Amino acid sequence: MSGDALARFAPLFAPRAVAVVGASSGTGGFANTFLRNLRPSGFVGRIYPVHPTAPTIEGFPAVPSLRDLPEPVDYAYVAVGAAQTPKLFEGAAGKLRFVQVVSSGFAESGAPELQAELVAAVRGAGARLVGPNCLGIHAPLAKLSFVDRVGFAPGGVGVLSQSGGLGVDILRRGQMRGLRFSGLVTMGNCADLGAAELLGYYLADPRTKVIGLYLEDAPDARQLFDTLRAARGRKPVVLLKGGRTADGQRASASHTAALAQDDRLWGAFARQTGVALVETLDAFLDALLMFQALPARPGLPTRKLVLFGNGGGTSVLAADAFSRAGFEVPRFGEATLARLEALGLPPGSSVQNPVDTPAGTLRQQDGRIAGRIFEAFAAEPGIGAVVMHLNMTVILSYANPQILPNLFAAALAARDGGAEAGHFVLVLRSDGEADIEAQKQRYREQAVADGIPVYNELAEAAQALRVLAGYETFLAARK
């Protein structure tokens, strides 16, 4: 089954030949933009614009119709008026593998018959339909994307989004956070291919380590449930469900033709499948980042943690945030306290958990003191995670900025401290000043590349770690 899913969907996630329908000899709209961006993004496959009269489109030789394609294409991007789409596939049998219709004007606009006609036309041509009413795909293996100015660094985050616009946000904001994608598909109305079948690809794909779903409706809900339940424990899945309120359901009906569903069903769905159900886009991205960086440890579900950073008030708020998220910030045992006290940290420091180290303390030994602090509490029993929080504004303004590389080296050493070290999470805070934000982003990218998840605020980190801990508990209960 796994090999079958990989083979069936390889043309969609790694197309080698594409057709683009709807681009014009002028500047055009979606189709022209998509076509124009293919070569600059690095796509090296064959490209066939389809236009009834123009000899070339955007510099590429055009063919008059899909039936005139000189070879079968893996992926066809279609952006024409809804009423014209079904007839495009007449005589095109055997020419297409996957068709994505980005046009709207189907079931979400009160035209279910036209949508059914479209599905029949695409299936009649021997292809599968993605959409309609969506925006495109992001296929890093092929360096093909519906979003311009995005990276194609290979990664392990596979996403299915029923919303095209939200798919753009997930890509752009996700990459700024450090997410690296194995693929992203915007599904729109899910008239033919739905989340369940596409999920099968990500479950089988060895590159994909975590799966994200944004759904407003699930026409294939039974199949989706069965797929997730059968696969539970294989890979973490994070679900952002739109339309969970009466007003949200009304909005989703006109957005993707979603049907009203009892929100309580989704809670039960998540509990029975081990899916992490989150409520906001930020929580969705934060959870994906946590799973991207940290493997679940069902043998040691994360419950107790150490907080370490600069700022007394921040340390208090950190303890509150993680306590509210269900974690314990325990007092250190006597042996750990003795090791910390032996370091002779300057006045103003606190060696109890949370460990409060003002900027003056972090200046000690050019920042290498952080490594000695980590070593002092590394042997504390039962600790599942260490959360280090740094106020970048304070460190860059009142301490020697050169201590930052040593602080990060200490963080890496703590992360690599062996099986007993637990998870390591980093929170980098700032006041939003442009120069400090730029430096913070550089350190974020460095840390994420080294396998450390980085967050802007403690509450965000607490909730993302809660999702990981919940998955660990789910796995542990199944043993």
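The values are calculated or read from the model by the stated rules, or taken from the named source; none is laboratory data. Owing to the predicted nature of the structure, the values given are computational and were not obtained by experimental measurement. Methodologically, a virtual Cβ is constructed for each residue, glycine included, from the backbone with ideal geometry; neighbour enumeration extends over all protein chains shown.
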**Count of residues meeting criterion [within 26 Å of A93 (Cβ to Cβ), buried (at least 16 other Cβ atoms within 10 Å of the Cβ) and hydroxyl-bearing (S, T, Y)] in segment 41-63** = 1
**Request:** Output the qualifying pairs, or none if there are none: Cβ atoms under 7 angstrom, residues six or more apart or on different chains, first residue in segment 458-473 and outside the structural domain of V278 (by TED's automatic domain parsing), second residue of a type in the set (D, E) and surrounded by fewer than 23 Cβ atoms within 10 Å (Cβ to Cβ).
**Result:** E460/D282
**Complete:** Listed by first then second residue, the pairs whose first member lies in segment 96-107 and is farther than 18 Å from P49 by Cβ, whose partner is assigned to a helix (DSSP H, G or I) and of a type in the set (G, A, S), with beta carbons under 6 Å and at least 6 positions apart or on separate chains, are G105/A82; F106/A82
**Request:** Kindly provide the set of residues from segment 446-475 that are of a type in the set (V, I, T), assigned to a helix (DSSP H, G or I) and over 13 Å from P236 (Cβ atoms), ordered by number.
**Result:** V448
**Fill in**
Checked L38, L66 against criteria (more than 25 Å from the chain's Cα centre (by Cα) and either touching a residue at least 60 places away in the same chain (Cβ under 8 Å) or crowded, with 17+ Cβ neighbours inside 10 Å (or both)); the one match is L66
**Prompt:** Out of segment 208-222, which residues are crowded, with 23+ Cβ neighbours inside 10 Å, at pLDDT 95 or above and not aliphatic (A, V, I, L, M)?
**Reply:** G212, Y214
**Asked** For segment 358-378, what are the residues that are in a loop (DSSP other than H, G, I, E, B), touching a helix residue (DSSP H, G or I) at 6+ places or on another chain (Cβ under 7 Å) and either of a type in the set (A, V, I, L, M, F, W, C) or buried (at least 19 other Cβ atoms within 10 Å of the Cβ) (or both)?
**Response** A378
**Complete:** Of the residues in segment 437-477 that are buried (at least 20 other Cβ atoms within 10 Å of the Cβ) and among the β-branched types (V, I, T), the one that is nearest to A321 (Cα to Cα) is V467
**Request:** May I ask you to list the residues in segment 331-345 that are hydrophobic (A, V, I, L, M, F, W, C), touching a residue at least 40 places away in the same chain (Cβ under 8 Å) and surrounded by 17 or more Cβ atoms within 10 Å (Cβ to Cβ)?
**Result:** F332
**segment 236-291, subset among the aromatic types (F, W, Y) and more than 30 Å from G105 (Cα to Cα), residue modelled with the highest pLDDT** = F291
**Message:** Suppose we filter segment 97-118 for residues that are on the phi < 0 side of the Ramachandran plot and either more than 29 Å from the chain's Cα centre (by Cα) or in the same structural domain as M187 (by TED's automatic domain parsing) (or both); how many remain?
**Reply:** 9
**Complete:** Note on segment 11-39: residues of a type in the set (A, V, I, L, M, F, W, C) and at pLDDT below 95 are F30
**Request:** Restrict the check to segment 311-321 and report whether at least one residue is in a strand (DSSP E or B) and under 23 Å from A459 (Cβ atoms).
**Result:** no
**Request:** Within segment 283-293, identify whether any single residue is aliphatic (A, V, I, L, M) and closer than 30 Å to P347 by Cα, and answer yes or no.
**Result:** no
